[in-house]
Amino acid sequence: MSQPDKGGARLMKREHQRRELAPLLAIALVLVGLSAASLLTPDREFSPNENRYLQQRPELTWTTLMDGTFTKKAEDYTADQIALRDMWMESASVVQRAAGRREVNDTWLGRDGRYFAKVTPDTFDAAQYEKNLAQVRTFFDAHPDKDCRVMMVPTPACLLRDDLPANAPLFDAEGCFDMLLADFAAEAIDLRAALTPNAAEMYYRTDHHWTTQGAQTAYGVWCAATGHTDRSWRLEAVSTTFRGTLYSKVLLPDSPYDTVAIAPDAAIRSMDCDGAVSGSLYDMAALEEKDHYKVFMGGNYAKVVIDTGAATGKSLLVVKDSFANSFLPFLVKDYDTITVLDLRYFREGVQPLADGATDVLVLYELTNFAADKNLYKLNKS
Amino acid sequence: MVFSSTVFLLLFLPLTAAVYFLCPRRARNTVLLLASLVFYGWGEPKYILIMLFSTVFDYTNARLIGHFRTTGREKAAKAVLIVDIVGNLGILGFFKYTDFAIDNINSLLSAGIPALGLSLPIGISFYTFQTMSYTIDVYRGIVKPQRNILNVGAYVTLFPQLIAGPIVQYKTVEHELMFRRESVFEASRGMQRFVVGLAKKVLIANQVGALWEEIAAMSAPSAATAWLGAIAFTFQIYFDFSGYSDMAIGLGHLFGFHFLENFEHPYESRTVTEFWRRWHISLSTWFREYVYIPLGGNRHGKARQILNLAIVWFLTGLWHGASWNFVLWGMYYALLLILEKLFLLRWLDKAPRFVGHLYTILCFIMGWVLFAITDFSQLGQYLSAMFTATFADGTALYLLRSNAVLLVLAAVGCTTGPLRLWNRVEARLSDGAAVTLRTVGVVVLLLLSIAFLVGDSYNPFLYFRF
């Protein structure tokens, strides 16, 4: 073969350089294409997957420009309204799992598509937990004439340790229960033994709550502890397509679906949720939306007053987190009225409401309880 | 603004590039200047004023020095140079070190002076060094004073390297500021380099960074966990910073500039001396040219050289942040470099290769621990965890397994291995096949980076405040 002459070499070099157009065009196409697609697709107001409102197009004024709020919002806007936002997030999760990550977005990826909120010895606030226990203790001590109980729901990860990733650094739940029992003895309703045998059925796989079956099992323990009759409520599945809060954090497309059941026979006379009155404990409209757990009492309110229509002469004050929402329907035949307080939103005095009740139930899931900074409201005059 | 954000990738970059290439050549520096001011003012608009002041200040001083030079007034030229250096260091000192000084005076004299609480103008440590290099080189007669203030403005504010380097000296881009030729070939290579840098930052640095943050927040890590944390930070700072330099150099190519390399796989070094020739090269070069050599370098005997090294490394440490741990970090390297000059280099030269690697790796990992933890009591706790805590626990195993792929990628990625492998593959492929493979590669990296950017709430920026 003859050596290419000078002109040939130049031609080859030009050919070589021309080829480099391809990667440049490819990169430009991705960036400009995505930019155009994001601008052309209509903005979304709410992301059901992430359960939050998305940033809308920010208004440019001299003030917002100079104080930096415009640029901050513009950054959030381009990230929030990017075309195929959910697809990008799902891809990131899929890649992380494929790379062997055992957690995504502070959520442990457990066995069989079960997810767990990541709570480690360092993120669990043991000091706040102790303070909150002391607040409940003070509250109970101020009401010696009432039947006061505290029901601390075990964190799913505590009972499903074998489903956690190997060696996942879970906080010390047993120590927390020891502390609880030391402070409250028989006033504490210990659910661990009852929930352990079928723990996998007691909690959702994609949501941080317990299932209605879990709540019903707890109801059985509560009946035994407080001397009520277990009424063996009939359960009925109302959704088989529930993907809960933990799914929202993980967004893996092959996540399983959970089944949501209700106790259809738990009828009441009326329920007043911060002024909105309804005739049922169940909000079936919630099944049309993403968070099917909202079917239970329609979500969380500062104060809910349930008029059960029963004639027992007894009334109950419940101080709770959202775990109580699926539990309370089981109590409708045991009390005439049930007053339900969520201290995160409740801003009035608790004492007058306590005075009107014969029994008190404090119901929280353990990590929720430890993270809540509102328990002081119990004893605020 | 940072490169690793959707606002930069989807809006700023496409718009700037479009306007830049649509404009005639003579308008392009103005386009760069305006775009850079938007880029800079994005976070804190009022600090654009400092930028403009720097431009006018150094432009004027350089012109004055040039004028006095040509009229033979050496003393006046020197006076202007001193004003320029005092001015630049004054700005840097005022914004970066005032509160640190007040804090120290307060704790020494219990004076109770209130802190100013100024937020640090982004990249101030980088651009004050750049502008000083310009005026000093004019004084030294290495470059001519630039007559067009827009060119100086474009140089000072040039957004690719504005907020985190590399520290581009005026003399290296003087010609390109006025006569550069952009080309499709250069732009393509540049954007590919940019994507690789973006992937280093988003896919590796951010991920190992989250691991480091998690471990740093632990109250009682085991020794294995603490070492894992130190290694994670070691990877984070390399991939964050060298990724940023890749992005800066790549964007430079897009607009026809050639910045000097800033990193040459420093973690492969066999001595600390070599490490510092390969890590943040533009900073070491700056300190060598503008501090070490003017101080006399190694020309006045061993004792003076050791003193000079100590001074340079005290300042290098302090440059990295207004906190004593950075000074400690600088002095730590001064000590290592002096020991190497005195005898260690000779020993290491005779030792098997792996000894040098092991020694250097241990040195820089320990260095990064000093660097990462600004609080001395926390630093003490962390070091004691590394050396005296229980050897390993379940948490260490969990973190290691959960991050195994990431750590292996990082370990391989900071060596020359991937580059060598690619060169061998490319040599066997036809030209077209190699370009196709590269195109697929960068597109995959770009898509993955966007996915992680959108999905990732964790996107801090290590060198943002330097």
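The values are calculated or read from the model by the stated rules, or taken from the named source; none is laboratory data. Source: prediction; values computed, not measured. So basically every Cβ, Gly included, is an ideal-geometry build from the backbone, and we count neighbours across all protein chains shown. For the accessible areas, the whole protein counts, side chains as well, though only heavy atoms, and no ligand, DNA or RNA atoms are used. Shrake-Rupley method; radii C 1.70, N 1.55, O 1.52, S 1.80 Å.
Scanning the range A:104-131 for residues that are free of Cβ contacts under 8 Å to residues at least 60 places away in the same chain, assigned to a helix (DSSP H, G or I) and more than 18 Å from A:ALA199 (Cβ to Cβ) gives A:ALA127, A:GLU130. For first residues located in the range B:211-224 and over 23 Å from A:ASN105 (Cβ atoms), partners that are open to solvent by less than 50 Å² (accessible area, probe 1.4 Å) and outside any loop (DSSP other than H, G, I, E, B) and lie 6+ apart or on another chain with Cβ distances below 8 Å form the pairs B:ALA220/B:ALA385; B:SER222/B:ALA385; B:SER222/B:THR395; B:SER222/B:ALA396; B:ALA223/B:ALA385; B:ALA223/B:MET386; B:ALA224/B:ALA396. Checking each residue in the range B:377-418 for being farther than 20 Å from B:ALA210 by Cα and either facing chain A (nearest Cβ under 8 Å) or aromatic (Phe, Trp, Tyr) (or both) picks out B:PHE387, B:PHE391.
Residues considered: B:PHE259, B:PHE263. Of these, the only one that is open to solvent by less than 40 Å² (accessible area, probe 1.4 Å), farther than 20 Å from B:LEU345 by Cβ and at pLDDT below 95 is B:PHE259. Just a yes or no: is a residue in the range B:267-284 in contact with a helix residue (DSSP H, G or I) (Cβ under 7 Å, 6 or more places away or on another chain), assigned to a helix (DSSP H, G or I), β-branched (Val, Ile, Thr) and surrounded by fewer than 16 Cβ atoms within 10 Å (Cβ to Cβ)? Within the range B:267-284 (the criterion being in contact with a helix residue (DSSP H, G or I) (Cβ under 7 Å, 6 or more places away or on another chain), assigned to a helix (DSSP H, G or I), β-branched (Val, Ile, Thr) and surrounded by fewer than 16 Cβ atoms within 10 Å (Cβ to Cβ)), the answer is no, since none of the residues qualifies. In this structure, A:LEU60 does satisfy being open to solvent by 50 Å² or more (accessible area, probe 1.4 Å), more than 10 Å from chain B (Cβ to nearest Cβ) and of a type in the set (A, V, I, L, M).
When each of B:GLY367, B:GLY356, B:GLY321 is tested for being within 29 Å of B:VAL196 (Cβ to Cβ), more than 14 Å from every other protein chain (Cβ to nearest Cβ) and outside any helix (DSSP H, G or I), the lone residue that passes is B:GLY321.
Note on the range A:63-87: residues that are facing chain B (nearest Cβ under 7 Å) and acidic (Asp, Glu) amount to 1. Contact map, the range A:245-269: residues that are on the phi > 0 side of the Ramachandran plot paired with residues that are assigned to a loop (DSSP other than H, G, I, E, B), Cβ distance under 8 Å, separation 6+ or inter-chain. Pairs shown: A:LEU251/A:ASN49. If the condition is being within 14 Å of chain B (Cβ to nearest Cβ) and of a type in the set (Lys, Arg), then the range A:141-174 contributes only A:ARG161.
Could you grab me the full set of residues in the range A:205-214 that are out of contact with any Lys or Arg (no Cβ under 9 Å at 6 or more places or on another chain) and under 19 Å from A:ALA117 (Cα atoms)? Correct list: A:HIS208, A:HIS209, A:TRP210, A:THR211, A:GLY214.
Please give the helices (runs of 4 or more DSSP H) falling wholly within the range B:1-77 in which 2 or more residues are under 30 Å from A:GLY33 (Cβ atoms) and touching a Phe, Trp or Tyr at 6+ places or on another chain (Cβ under 7 Å).
Helices (runs of 4 or more DSSP H) meeting the threshold: B:28-41.
The residue pairs whose first member lies in the range B:1-26 and is basic (Lys, Arg), whose second member is modelled with pLDDT of 95 or more, and whose beta carbons are closer than 8 Å, counting only pairs six or more residues apart or on different chains, do not exist in this structure.
Among the conditions (1) in a helix (DSSP H, G or I); (2) over 29 Å from B:PRO121 (Cβ atoms), the only one that B:SER245 does not satisfy is (2). Check whether at least one residue in the range A:24-34 is surrounded by 14 or more Cβ atoms within 10 Å (Cβ to Cβ), at pLDDT 85 or above and more than 11 Å from chain B (Cβ to nearest Cβ), and report yes or no. Within the range A:24-34, not a single residue is surrounded by 14 or more Cβ atoms within 10 Å (Cβ to Cβ), at pLDDT 85 or above and more than 11 Å from chain B (Cβ to nearest Cβ).
Pairing residues of the range B:283-301 that are under 21 Å from B:PHE241 (Cβ atoms) with residues that are open to solvent by 80 Å² or more (accessible area, probe 1.4 Å), at Cβ distances under 9 Å and at least 6 apart in sequence or on separate chains, gives B:SER284/B:ARG277; B:THR285/B:LEU260. Scanning the range A:306-320 for residues that are surrounded by fewer than 21 Cβ atoms within 10 Å (Cβ to Cβ) and under 24 Å from A:ARG137 (Cα atoms) turns up A:LYS314, A:SER315. The set of residues in the range B:173-184 that are more than 14 Å from chain A (Cβ to nearest Cβ) and either surrounded by fewer than 18 Cβ atoms within 10 Å (Cβ to Cβ) or assigned to a loop (DSSP other than H, G, I, E, B) (or both) comprises B:HIS175, B:GLU176, B:MET178, B:PHE179, B:ARG180. On inspection, B:ALA154 fails the criterion of being open to solvent by less than 30 Å² (accessible area, probe 1.4 Å), farther than 17 Å from B:LEU32 by Cα, more than 14 Å from chain A (Cβ to nearest Cβ) and of a type in the set (A, V, I, L, M). Comparison of A:ALA142, A:ALA99, A:ALA157, A:ALA92 shows that the only residue that is at pLDDT 90 or above, among the small types (Gly, Ala, Ser), out of contact with any His (no Cβ under 7 Å at 6 or more places or on another chain) and open to solvent by 50 Å² or more (accessible area, probe 1.4 Å) is A:ALA142. Within the range B:419-435, can you find the residues that are more than 7 Å from chain A (Cβ to nearest Cβ) and open to solvent by less than 90 Å² (accessible area, probe 1.4 Å)? Within the range B:419-435, B:TRP422, B:ASN423, B:VAL425, B:GLU426, B:ALA427, B:LEU429, B:SER430, B:ALA433, B:ALA434 meet the criteria.
The residues of the range B:17-51 that are away from every other protein chain (no Cβ under 12 Å) and more than 27 Å from B:ILE91 (Cβ to Cβ), listed by number, are B:VAL19, B:TYR20, B:LEU22, B:CYS23, B:PRO24, B:ARG25, B:ARG26, B:ALA27, B:ARG28.
Checked across the range A:88-102, the condition of being within 11 Å of chain B (Cβ to nearest Cβ), closer than 19 Å to A:THR245 by Cα and not in a helix (DSSP H, G or I) holds for at least one residue.
Listed by first and then second residue, the pairs linking a residue in the range A:60-71 that is closer than 16 Å to B:LEU49 by Cβ to a residue that is surrounded by fewer than 14 Cβ atoms within 10 Å (Cβ to Cβ), with Cβ atoms under 9 Å apart and 6 or more places separating them unless they lie on different chains, are A:MET66/B:LYS46.
For the range B:1-42, which positions are farther than 18 Å from B:LEU162 by Cα and among the hydrophobic types (A, V, I, L, M, F, W, C)? Matches in the range B:1-42: B:LEU10, B:LEU11, B:LEU15, B:ALA18, B:VAL19, B:PHE21, B:LEU22, B:CYS23, B:ALA27. Restricting attention to the range B:399-418, and to residues there that are touching a residue at least 12 places away in the same chain (Cβ under 8 Å) and of a type in the set (Gly, Ala, Ser), which single residue is surrounded by the most Cβ atoms within 10 Å (Cβ to Cβ)? So the residue we want is B:ALA410.
Counting only residues that are more than 7 Å from chain B (Cβ to nearest Cβ) and of a type outside the set (Gly, Ala, Ser), the range A:9-23 holds 7 of them.
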